[in-house]
Amino acid sequence: MYSRLKRLAFRKFKKAETRLHELNYLFWECTTRCNLNCIHCGSDCAKNSDYPDMPLEDFLNALDTIKNPAKRFVVAITGGEPLLRKDLERCGLEIRKRGMRWGMVSNGHLYTPERHRTLMAAGMGSLTISLDGMEESHNWLRSAANSFSHVERAIGLAAGSRRLNFDVVTCVNNKNILELPKIYDYLEAQGVKAWRLFTIIPIGRAASNPELNLSDSAFRQMMDFITERRKTGPLDIKFSCEGYVGEYETRVRDTPFFCRAGINIGSILIDGSISACPNIDRSFIQGNIYKDNFYHVWQNQFTPFRDRMWTSKGRCADCKDYRDCQGNGFHNWHGEKKEVLVCHKAKLGHKKTASFEAVP
Amino acid sequence: MEPDPGQDRLVEGKVTAKTTGLPIKNIMVIAEPDGHGMQTNEKGEFTLYTPSIIDQVKLTFEDIDFTENGSFQSRDTLISTHEILNFSDSIYVNITMEEK
């Protein structure tokens, strides 16, 4: 059990990190074009292919405003699907030229041996690929009959690379929750070392799709699965940073919950908007690289991210875990922001745990 | 998830034709043993990252566009990456290729 002393120490650490406000992870939404039509798209990100890809030079101008980047500063290239950009290698090389590292988040569909070879040569250091189940359930979520085989090829290439920090992410839903043990075995057999699980935010199309949203008992089932598999290994399996999970904190992740959006994580979105994680409500945008100095905005804005007391409302107002949770993941505040969209801890209030033989 | 910058090293260079001294475009430069590579640009230049955990990297230069930018014989060369000590340092390689 997470001791009281450790809990207090971690609260102090979070305060210090918030005060320091060091930018060490920058998302770049380089395109909103995508080659897939996933059924959960629009639930946790705003895809708008009306925007042209952001010219590399525009992004570099913003990047160059960072005078003394953090020692472990990373640019995470995301989309849309970044592999649709033909100049991705040039983007990567320009980032590396500045002494910075870069990685990519991809659906893996276009990750061919040729692209792997050139991206690695361009100094790519990390890669995250989405796998949303075994063949049938993955293809269902991705709305593509051959998506699984493409992702399988991508996973094989990435897992075989010695100098790539590679992990697989899975969006857990009612279609694939029973498959978690199978997916675990599959990833292990593919040589994958790290696996991150997350759930869908119930907004957009996902809000009305019962197959996408886990019931409370299924959510606990997932927590139990992660807890058990973390004890046995060999995969480094963890729950994403999406929310505070009460009694499961420290069992499902390496460190307790700490939403670093706007604390250490920033983003440059497709239209030049400056924000934190790309799935955060656009009303929290702090500036725009086409009219503001990016680093000045990072250093002087981001107040709602750094002081989260405004989230102490609705069901968060009198929650005894508020100091550890601080309103849950920032992306859970949408619209009028009167109430947190999802309380993961409340979902775990439902004690009965389902088995992998039956889904509630 | 963070990449480890200590695990690769920058190799840059230029490929020119032996007889004319002119830069050659679209030469595929492959770094072994990993097999990662890039094509030369219009100035005959290339930039690529190779693993630093091995002492020597073999660079292979291959003409992949048939006769479009001339026709050249493949060649390779060995470089020592352990000489690059800092993350920001690089090795520069000048390569000439013989016309077929």
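The values are calculated or read from the model by the stated rules, or taken from the named source; none is laboratory data. These numbers come from a predicted model, not from an experiment. Heads up, the Cβs are rebuilt from the backbone with ideal geometry, glycines too, and the neighbour counts pull from every protein chain shown.
Quick rundown of the values:
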{"read-out": "Residue within the stretch A:175-197 that is surrounded by 18 or more Cβ atoms within 10 Å (Cβ to Cβ) and touching a His at 6+ places or on another chain (Cβ under 7 Å) present", "value": "no"}
{"read-out": "Residue under evaluation A:Gly204, criteria (1) touching a Gly at 6+ places or on another chain (Cβ under 6 Å); (2) buried (at least 19 other Cβ atoms within 10 Å of the Cβ), criterion not met", "value": "(2)"}
{"read-out": "Residue check for B:Ile30: under 10 Å from the mean Cα position of the chain (by Cα) and either modelled with pLDDT of 95 or more or over 24 Å from A:Gly160 (Cα atoms) (or both)", "value": "no"}
{"read-out": "Subset of the stretch B:6-28 [at the interface with chain A (Cβ under 8 Å from one of its Cβ atoms) and either of a type in the set (D, E, K, R) or in contact with a helix residue (DSSP H, G or I) (Cβ under 9 Å, 6 or more places away or on another chain) (or both)]", "value": "B:Asp8, B:Leu10"}
{"read-out": "Residue that is closer than 28 Å to A:Asp185 by Cβ and in a helix (DSSP H, G or I), where the choices are A:Asp224, A:Asp254", "value": "A:Asp224"}
{"read-out": "Residues that are away from chain A (no Cβ under 14 Å), at pLDDT 80 or above and in a loop (DSSP other than H, G, I, E, B), drawn from the stretch B:44-100", "value": "B:Gly44, B:Asp65, B:Ser71, B:Gln73, B:Ser74, B:Glu98, B:Lys100"}
{"read-out": "Enumerated helices (runs of 4 or more DSSP H) restricted to the stretch A:285-348, each holding at least 1 residues that are within 27 Å of A:Glu247 (Cβ to Cβ), among the aromatic types (Phe, Trp, Tyr) and without any contact (Cβ under 8 Å) to a residue 12 or more places away in the chain", "value": "A:322-325"}
{"read-out": "Pairs, first within 8 Å of chain B (Cβ to nearest Cβ) and under 25 Å from A:Pro181 (Cα atoms) in the stretch A:115-136, second of a type in the set (A, V, I, L, M) and in a strand (DSSP E or B), C-beta under 6 Å, six or more apart", "value": "A:Thr128/A:Val105; A:Thr128/A:Val169"}
{"read-out": "From A:Val151, A:Val172, A:Val168, residue being touching a Phe, Trp or Tyr at 6+ places or on another chain (Cβ under 6 Å) and buried (at least 21 other Cβ atoms within 10 Å of the Cβ)", "value": "A:Val168"}
{"read-out": "2 or more residues closer than 30 Å to B:Glu32 by Cβ, acidic (Asp, Glu) and in contact with a Cys (Cβ under 7 Å, 6 or more places away or on another chain): qualifying strands (runs of 3 or more DSSP E) within the stretch A:74-189", "value": "none"}
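Okay, residues lined up against (1) at pLDDT 95 or above; (2) touching a Gly at 6+ places or on another chain (Cβ under 8 Å); (3) closer than 20 Å to A:Arg196 by Cα:
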{"site": "A:Asp50", "(1), (2), (3)": "no, no, no"}
{"site": "A:Pro55", "(1), (2), (3)": "yes, no, no"}
{"site": "A:Leu63", "(1), (2), (3)": "yes, no, no"}
{"site": "A:Ile66", "(1), (2), (3)": "yes, no, no"}
{"site": "A:Ala76", "(1), (2), (3)": "yes, yes, yes"}
{"site": "A:Gly92", "(1), (2), (3)": "yes, yes, no"}
{"site": "A:Arg98", "(1), (2), (3)": "no, no, no"}
{"site": "A:Ile129", "(1), (2), (3)": "yes, yes, yes"}
